[in-house]
Structures are given as structure tokens and as C-alpha cells.
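Single-structure report; data block below.
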């Protein structure tokens, strides 16, 4: 009986075990997991299967890090390329100019690249101004009468209609109707009153403001008044002139200067030059017939012929005998272009020449000589073919002008007047760009002494551009030295520290090593300059890899020399830039073919080399593209392996699930059997 039950128990266990086989994963029952550690076993088996995936993920990470290293390197290459191009492109600092004024209060200037290196002496006599008139102080309750009037500035005339009101309303109407040429504003001089100021929008004598029409509101506000024409006139006594040369004809009111004549007129009581003083005179220039130059001639009187001479059977008749020949006479010296007919000497010893080019009446402002006295007049005609008559000479100072004018002038419309290397220049504005080619002058205030304006190269900008280039070059060379250095460390890039990440990463890539060698060669090569052997290499301007002489291999200089880094002797570089700037420029870039294209020099050669180092088709781009392709392939492989790993894990869980169920069923059957055969 006991045997029969045992056989039945074994059959039930076998049946239950077979019944546990299913395609669905079976979860572990409580108690079995701890007993057999099914989950831990599955995890360990999965982790072993995951090792190839982790390896590929690490390879992908290393490739990404490698590409990042290349991208960082490319940024250094791009910086070096930019700094190299800057040394010879249209932005080259070698073309930049600086304008330096010794008196910025009186004169400032801006120099363009086309400006030439030079020095100028400039004295600002007066700055250009616009007409500006002020009213008297008026209350806002003071009513001004209406008026329709016109305002003219230069060639522009505007009409203003004012219907009456206070100065604020007048200012508003002026700004609305005459904004094209004037600006009107009220300045509150006290809390209860204001002053109306009318100012022209353009400077210069030709932009003087004139008024016409019903000007009652402007007269009532004391902006305008009727002026009195008044002048102080000094007439030099021409009849006191002293003849210095030739035969001039002198009278109280005129001088006639025959060819090659000269007259001196001292003026011990000469007038003082004021702001509105002018020297006025009339001149008549009369051409004279040109005398014929004497010619050479032979004396004309009869001379007997020489006797005939017979030689063998040939008879030679005698000819005339020249007994006298006049030496050629040099033609008289002819002067026809002399124009400095009048010279004015001032109390400080300065002499100003007046040079009329044709007959007429001339008025010459003497504002440049303000505060001085006229002490002498010179009259001269050095021409041989002209007669010059000078008359109606006077020195006139305008005390006041007639007609309608400002009652309380703030400023008077006037031209800017200055001297450039002694030559008087006038303009109707204070910003002047048509006197010195490539230089814009700004006149600010009159100067008592000449201002020295120097146009020169921007040496500091050139120096800084070269330092920037050296820095960019050193960054590239240091990077190349690190990534190509021999290194036996085979630690994956993803596991390295930041300090050792780049060490030897491209030591087996010949492209990086070749670039390093070529860049070093370019920096050490000789290049043609206008100074010949005196300036052909960087070392001659204070840029070197290592100084001549010996030094310890443990020195920092030795380490930088091994990497090909450049060092700079700042004083020597600055001196070379200032004394041999053209040679320094040619060292970096020059045109040796005459086609206006820079084809030689360090910066040019580096630019050419870098075309093959980064960008489309370069070895860095090809390397990164290759890495990206490898990454894409490995990512697809990982994706496939992950799917296979999921299937593998699922299969393990299914198998272990069935095993766990079978064990549980076996345990249950065992308990049941034990219950059927209790121990006695």
C-alpha cells in the first residue's frame, strides 16, 4: 500500500513539473527568490551579456571625445587663420594711421588709411560760427505784436506768420515754420522771465541770417535793430614811399611799378588790426611788348678772296677770309610769373604777401594778424613784361554794420580761418576733410600758437596685432605638441582626467605631425624685404623660438623651444616696427609678382597651409566625419544588441520562472505526501 502511494506521488510531481512549462514569464513566489537568488543570477547573466554593449558605448564616447578635441583644435586653427589674414588683408593694421594734435583743445583730427605720414603746423585763427541773436529778458505775460516776415540763410528763404503772443509762442512758431534754417529756444533767466535765442543751423559767412518783411515782433523783443554803417579807415601815404629799385611813378593815391621796380613805405603810425580789419586796394596789370633777343651776325664789309692753290693737276680757288666773328649774346632773363606785388610787415616782424592774379579790386581780411600793427608796406614788380599800377590802398575796420541786424548777438556768422604750414585756409564749417588728403580736421577753438599735427602709423595697433598672431600661433603649436607627443597610456579617453585627456591622442596620425612640422618651418623661414639680409626672419624683429647660445635642457625655454612656441622681445619688436615698418610688414606679407596680391610672407604662407587643415575637405573634417560614421554604425549595433539582450533576459526569466514553479509545486506535493503518511 505504501509503495502505491509513493509511485502516485512521484507521478504527481512529474505531472506538475510538466504543467509549469509556458511561454509567459512566471514571477517568483515568496520565499523561493531568497532561497535560490533567481533575480541575482539573472542579473549576473545579463551583465555578462551586456559587456560587449558597454564596450561599444565606451568606444562611441571615446570617438565623441576625440571629435571634441579636434573641434577645439579647429577653433585654434581658425583663430590663427584670422590673426594671419588680419596682418595683410584690407584690415591690416599696417595701413592704419593716427592723427596726433599737440593741442586737442584747439584742434583734433582723424586720419584714414590713405593718409600719408607727415607733420603739419596749423594755427586756428577763428572757428566757423552761425548767426545767433538773443532777445531781452521778457515775461511770459509780455505780448508781442503780430508780423509776417521772411528769414534768409544762404540760398534758402522761409516765411513766418506770427499772429501775436508771448516769446514762448513766438519760439514755437519759428520752430514750426522756419525749422529748415533756424532753431529757436527760450532760456529762463529768472523764474518769471525768459530770453529767446534764434540760431542759424549752418555756420559760415555765406549762411548769415537776414530778415525782411513786418519785423515788429522781433524789434519789440529787441532781437533785431537798425544798425549804423560805420568804419575806421586808414589811408597809407603812398607819396612817402621810398624807391628801392627801378623807376616807379609815385603819387599820393597810386604807384605805378615799371618792370623790375620796387618801393618801400614805412608806416610808423600804422593802424592796429582788429577782428573786422581788411586791407583793400585796386590793381591794374598791363602786359608790355616782349623785346626781341639780339642775334649773332658777321661783320658786313668786302673782303678779298684768297689766292688759288694748285695741287698736282687740281686747282682750288680761294674763298673769303673771315676776319671777325661776334660772340653769341645771351638773351635777357625774362620774368613773367611774379605775383607777390604787395607785402605787409607787422609789429611782430611777420610778413604777409598779397598776390593778386589779375586786375581788379581786392579786399583781404587781416583777422590772422589781430592785435598787431602794420609797420611797413612793400610794393614790388619783378616781372620784365608787365607794368603794375596800385591805387586806392586803405586799411578799413568795420565798427558797426548798417541795415537790420541782431541787437544782442550771441555769435556772428563767420568762416573758419586757419593756416596750414603758413598758407591761409577758409571754410564755412569746422569739420574739414578736403585740405589734407585722408585727414579730417575739427577746429575747436582759436590757438595762440601753431599746433603740430602729426600723421603717423598706429604703431601700438600693429604691435598688438603681431602679439595676437604670436599668441594664436603658440596655441596651435602647443596643442599639436600635446596631441602628437609619444604616450604609452592606453586608458580610454572617457576614463582619463582633463589633464591627460589630449596626451598623445593623435600620435599615430601623420596629418597632425606634418602640420606641426610645416607651421614650424614657415615661422623659421626667410622672406624677402626691402632691407635685404638685414631683415629676413622673425628673429631679427625680436620673435624667436630660442635665443642664440646654449641653455639647460631643464629650462622653461627649452620646453617651449621643443614645442615650437614663439617668444617675443617686446622692446626689440617695438623698435623694429617704428624704424623698419615696411620691412616688418613684408616679413608677414608682400607682393613679389606685382599683381597687387600678397603672395609671400609668414602670414600668407600660414593662411595657405591652413586651407588644408580645417574646413571642407581638410584632414580634420575628414577625421571627424569618419568618427561620426563609426559612431552611427556602433549605435545601430548597440541598438540590435540591446534588443537581443532584452530577448535573452526575457528567456532567462521564463526558464527560471518555470523552474521556480516546478520547485514550488514539488514542495507542495512533498508536504501533501508527508501529510498522507504521518510519522508514528
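The values are calculated or read from the model by the stated rules, or taken from the named source; none is laboratory data. For clarity, every value in this text was computed on a predicted model and none was experimentally measured. Reconstructed Cβ throughout: ideal geometry from the backbone, glycine too, with neighbour counts over all protein chains shown.
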Exercise. Here are 65, 60, 69: which of them is in a helix (DSSP H, G or I), within 40 Å of the chain's Cα centre (by Cα) and closer than 23 Å to residue 506 by Cβ?
Worked result: 69
For this session: Could you please tell me which pairs satisfy a Cβ distance under 6 Å, a separation of 6+ or placement on different chains, a first residue in the range 88-104 that is over 18 Å from residue 460 (Cβ atoms), and a second residue that is not in a loop (DSSP other than H, G, I, E, B)?
Result: 88/603; 102/451; 102/452; 103/451
Problem set entry | One residue from 355, 312, 320 being modelled with pLDDT under 90 and within 23 Å of residue 254 (Cβ to Cβ) | 355
Seminar exercise, completed: residue 532 passes all but one of the listed conditions (1) within 20 Å of residue 601 (Cα to Cα); (2) surrounded by 18 or more Cβ atoms within 10 Å (Cβ to Cβ); (3) modelled with pLDDT under 95; the exception is number (2)
Problem set entry | Among (1) within 30 Å of residue 66 (Cβ to Cβ); (2) out of contact with any strand residue (DSSP E or B) (no Cβ under 8 Å at 6 or more places or on another chain), the one test that residue 464 misses | (1)
For this session: Could you check, for the range 183-201, whether at least one of its residues is outside the structural domain of residue 387 (by TED's automatic domain parsing), under 29 Å from residue 402 (Cβ atoms), part of a loop (DSSP other than H, G, I, E, B) and touching a strand residue (DSSP E or B) at 6+ places or on another chain (Cβ under 8 Å)?
Result: yes
Seminar exercise, completed: Only unsatisfied item for residue 571, checking (1) in contact (Cβ under 8 Å) with a residue 12 or more places away in the chain; (2) part of a helix (DSSP H, G or I); (3) surrounded by 12 or more Cβ atoms within 10 Å (Cβ to Cβ); (4) out of contact with any strand residue (DSSP E or B) (no Cβ under 8 Å at 6 or more places or on another chain), is (3)
For this session: Could you please give the count of residues in the range 177-203 that are under 21 Å from residue 165 (Cβ atoms) and without any contact (Cβ under 8 Å) to a residue 60 or more places away in the chain?
Result: 16
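Listed here are the residues, each with its yes/no results for (1) more than 13 Å from residue 392 (Cβ to Cβ); (2) outside the structural domain of residue 386 (by TED's automatic domain parsing); (3) over 57 Å from the mean Cα position of the chain (by Cα).
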| site | (1), (2), (3) |
| --- | --- |
| 246 | yes, no, yes |
| 249 | yes, no, yes |
| 255 | no, no, no |
| 260 | yes, no, no |
| 266 | yes, no, no |
For this session: Please verify whether the range 204-216 includes one or more residues that are outside any loop (DSSP other than H, G, I, E, B) and free of Cβ contacts under 8 Å to residues at least 60 places away in the same chain.
Result: no
Seminar exercise, completed: Among (1) surrounded by fewer than 17 Cβ atoms within 10 Å (Cβ to Cβ); (2) in contact (Cβ under 8 Å) with a residue 40 or more places away in the chain, residue 393 falls short only on (1)
Exercise. Before we move on, is residue 526 closer than 24 Å to residue 69 by Cα, assigned by TED's automatic domain parsing to the domain that holds residue 583 and assigned to a loop (DSSP other than H, G, I, E, B)?
Worked result: no
Problem set entry | Qualifying residues in the range 581-634 (those that are in contact (Cβ under 8 Å) with a residue 24 or more places away in the chain and part of a loop (DSSP other than H, G, I, E, B)) - the one nearest to residue 458 (Cα to Cα) | 589
Exercise. Is it the case that the range 462-484 has a residue that's free of Cβ contacts under 8 Å to residues at least 60 places away in the same chain, in a loop (DSSP other than H, G, I, E, B) and touching a helix residue (DSSP H, G or I) at 6+ places or on another chain (Cβ under 9 Å)?
Worked result: yes
Seminar exercise, completed: Exactly one of 437, 433 is within 18 Å of the chain's Cα centre (by Cα) and in contact (Cβ under 8 Å) with a residue 60 or more places away in the chain, and that residue is 437
